[in-house]
Amino acid sequence: MSLIDAAVRKILANDTTVKGLVAARIYPDRLPAGATLPALTYSLITDIEDPRVPGDWQARVQVSCWSNPTAINGIKSPAEVNSVADAVKSALSRTALQKTVSSWTVGTGTGAVIYTVTSCRCTDAPRLYENETGFYHVPCDFIITYRT
């Protein structure tokens, strides 16, 4: 299994807009108890060899955007979580039509793994409201095509 999800985290952590919204609050798999919001979680869902293109891999990574805005007159606004989701989609999106590839690196020195990303597209990003917590949640699903 690859470390493509760690590469996704690195891209998000280094993006100025994302960093301005969530700072360093980017967590693997789930929010820690008492986490300050807005924040992100990321999870590797699948990572399989592309059956059509030898040497290519396709990973599905979910980046969940979380927000708990203050209610004004008893109403919470989804504006914050929408901004976070837009920043995440902008930071990660790479289309095959751009005809350029991106290098996403995990680690340093001789232990570094370089992923040559030919496409990264968001396939779904519904806005949800979590009744139990009162949090807004936008799970952004990305399909990433890459080579190592």
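Values as computed for the structure displayed
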quantity	calculated
Close pairs (7 angstrom Cβ cut-off, 6 or more residues apart or separate chains): of a type in the set (A, V, I, L, M) in the range 50-78, in a loop (DSSP other than H, G, I, E, B) anywhere	Ala59/Ser2
Criterion violated by Thr116 - all others in (1) touching a helix residue (DSSP H, G or I) at 6+ places or on another chain (Cβ under 6 Å); (2) part of a strand (DSSP E or B) satisfied	(1)
Per-region count, the range 112-122, residues over 19 Å from Ala13 (Cβ atoms) and open to solvent by 70 Å² or more (accessible area, probe 1.4 Å)	1
Thr95 vs. criteria over 27 Å from Gly134 (Cα atoms) and either hydroxyl-bearing (Ser, Thr, Tyr) or modelled with pLDDT of 95 or more (or both)	yes
The range 126-148, subset of a type in the set (A, V, I, L, M, F, W, C) and farther than 25 Å from Asp56 by Cα, residue least open to solvent (accessible area, probe 1.4 Å)	Val138
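The values are calculated or read from the model by the stated rules, or taken from the named source; none is laboratory data. Please read all numbers here as calculations on a predicted model, not as lab measurements. So basically every Cβ, Gly included, is an ideal-geometry build from the backbone, and we count neighbours across all protein chains shown. Ligands, DNA and RNA are stripped out before the accessible areas are found, and what is left, the full protein with its side chains, is counted by its heavy atoms. Shrake-Rupley method; radii C 1.70, N 1.55, O 1.52, S 1.80 Å.
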